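Throughout, read-outs are computed from the coordinates displayed, never taken from laboratory work. Predicted model, so just to flag it, every value in this text is computed and none were measured. Note that we place each Cβ from the backbone using ideal geometry, even for glycine, and neighbour counts take in every protein chain shown.
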Protein chains: 2
Amino acid sequence: MEKVTVVKVGGAVVEDKAKLLRLLYNFTRLEGRKVLVHGGGRLATTMATRLGIESRMVEGRRITDRETLEVVTMVYGGLVNKQLVALLQARGVNAIGLTGADLNIIRSHRRPIRDGIDYGFVGDVDCVDGERLSQLIESGVAPVVAPLTHDGEGSMLNTNADTIASETAKSLASRYRVSLVYCFEKPGVLADPDDDSSVIAEIRRADFDRLKSDGTVSGGMIPKLENAFAAIDSGVSQVVITSADALGTPTGTTVF
Amino acid sequence: MEKVTVVKVGGAVVEDKAKLLRLLYNFTRLEGRKVLVHGGGRLATTMATRLGIESRMVEGRRITDRETLEVVTMVYGGLVNKQLVALLQARGVNAIGLTGADLNIIRSHRRPIRDGIDYGFVGDVDCVDGERLSQLIESGVAPVVAPLTHDGEGSMLNTNADTIASETAKSLASRYRVSLVYCFEKPGVLADPDDDSSVIAEIRRADFDRLKSDGTVSGGMIPKLENAFAAIDSGVSQVVITSADALGTPTGTTVF
């Protein structure tokens, strides 16, 4: 099977021009087929503030009322996505910007109210059209996917970029050997959170249970790794957690 | 040759939900292959004002400094484009939103300073990739094109939507019988500007010269018709000037 690399890059890289250009340089040099999934939450918060719209977060997820949906549609689907596409085109990568609505690539449903929390226009992914995505990839195109989906009834929905990345990777797993790379502020999963040189090179499922129980892995890294193993269970070959600067180098943490 | 209809709809329709839904209803019912090109200038002006950015226009064109480029990239490429795509998907049209940067569909260059006027990040179109566009159209997809292009060096450029529509129509003319439809506030070119029932049904080039010299056609309608004849000269079969409400009906003015 041919290889595809699905790279997820977050808002912290997207809003820092120097970091972004290094990431794009590394992305451009990746061999073979590739997909870029981006966030942009920090820029959305900045834009919302400029527009006098309050940003409310619950467990790291944005409460998305109608006004906020307009902001994220503008910022993720327009500002960030088109900047990335134009910069990749300038580097010889034939990129195409997509939200879930484009070509009906990612269908979702509005998250139901749970425990009294109404996230508003937030989408939980139902299905990624891996076949359509493969057709694009096979024609030499690099999809650049914004963290937006649609409900099939005319509404865009705000959707977590990590989830978009893992669902996209899974949808391609029957057709390709998929490597899913999460670019992160840290160089990988650290044995000592205060020591950037303590990257754990490989984590298998059995290691994960041990690392959790002995407290090496904690906090936000646990759901990240759980998502990684869920992707592996769905046929993704490997998940790499690394820094944007190190994308394409054999460093970081490989989960398999 | 198979037929393609390229429909251009302006900001006045895009920002009026009732008008927009009628337009999309009519667009959905058009038979055969189709492309939608949209504006959004009024929404960009509103958004710029909310962000404290002054909108400066010269001869109806927006002076586009770096901040304004961000606004139009957000509003045209994100807010308006994705709303249209999601609404079309809900109506069973497999739409894909594109700017000129996506798939390198429309390359342009920054407009040079002329007569002391620097339009800033405004693009004059060099080339539309009609082959790539045809491949999408042949796969049953309806491209929805925002009035944004790119310079191939990493920058988006703000580009007139009428021009995008005519250049897109021309790029398809060797492969299809192309009908280019400009949706407009009026029901067509009027013999009496105060009488909406005075639509001139057909205008040939010889008629145009007469209508200009006797003063029937004046003001902003002259460049519109000149652009229409330029499209005809480049192989477009017909140009229709009509209202968004009447799209798909045999009314309006046909230029050929």
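In what order do A:Ser155, A:Ser139, A:Ser213, A:Ser108 fall by count of nearby beta-carbon atoms within 10 Å, going from fewest to most?
Numbers: A:Ser155 19, A:Ser139 12, A:Ser213 9, A:Ser108 26.
Fewest-to-most ranking of A:Ser155, A:Ser139, A:Ser213, A:Ser108: A:Ser213, A:Ser139, A:Ser155, A:Ser108.
Chain A's nearest residue to the axis relating it to B, judged by Cβ and reported with the distance in whole Å, is A:Gly78, 1. Computed over Cα pairs, the Kirkwood radius of the protein assembly as shown leads via Stokes-Einstein (0.692 mPa s, 37 °C) to a diffusion coefficient of 137 µm² per second.
Take every residue in peptide A:153-160, count the Cβ atoms of other chains within 10 Å of its Cβ, and give the average of those counts.
Numbers: counts 4, 10, 4, 7, 1, 0, 0, 0.
Mean shielding count: 3.
Sorted on the mean count of surrounding Cβ atoms within 10 Å across their residues, most packed first, peptides B:214-222, A:41-49 read A:41-49, B:214-222. Measuring from centroid to centroid over Cα atoms, what is the spacing of the range A:186-236 and the range B:32-99 in Å? If we compute the Cα centre of each part, the gap is 42 Å.
Among B:Ser166, B:Ser179, B:Ser237, which comes first, then next, by fewest other beta-carbon atoms within 10 Å? Kindly include the intermediate steps, with their values, before the conclusion.
Details: B:Ser166 25, B:Ser179 21, B:Ser237 17.
In increasing order of surrounding Cβ atoms, one gets B:Ser237, B:Ser179, B:Ser166.
If you average the sequence gap of Cα pairs under 8 Å that are 6 or more apart and divide by the length of the range A:3-180, what percent do you get for the contact order?
Values: 338 pairs, mean separation 49.7, N = 178.
Result for the range A:3-180 is 28 percent.
Local charge sum around B:Thr28 (other residues, Cβ-Cβ under 10 Å, Lys/Arg +1, Asp/Glu -1)? Write down the numbers at each step before the final one.
On the way: positive: B:Arg29, B:Lys34, B:Arg91; negative: none.
Here the charged neighbours net out to +3.
Net charge of the neighbourhood of B:Asp65, taken over other residues with C-beta under 13 Å away and scored Lys/Arg +1, Asp/Glu -1, is 0.
Across peptide B:130-136, the mean count of Cβ atoms from other chains lying within 10 Å of each residue's own Cβ comes to 1.
Using a 10 Å cut-off around each Cβ, can you sort A:Leu172, B:Leu98 from fewest to most neighbouring Cβ atoms?
Working: A:Leu172 24, B:Leu98 29.
Least crowded to most crowded, the residues run A:Leu172, B:Leu98.
For the range B:156-256, the relative contact order works out to 39 percent when only alpha carbon pairs closer than 8 Å and six or more residues apart are counted. Our coupling estimate for the range A:60-74, obtained by passing each phi through the Karplus curve with A = 6.51, B = -1.76, C = 1.60 and θ = phi - 60°, is x, 10, 7, 6, 10, 7, 4, 5, 5, 4, 4, 5, 5, 5, 5 Hz, Gly and Pro reported as x.
Of the GluC sites (Glu not before Pro) in the range B:26-78, the ones in a loop by DSSP (not H, G, I, E or B) with at most 15 other beta carbons within 10 Å are B:Glu31, B:Glu54, B:Glu59. Loop-located GluC sites (Glu not before Pro) in the range B:149-239 (DSSP state not H, G, I, E or B) with no more than 13 neighbouring Cβ atoms inside 10 Å: B:Glu153, B:Glu185.
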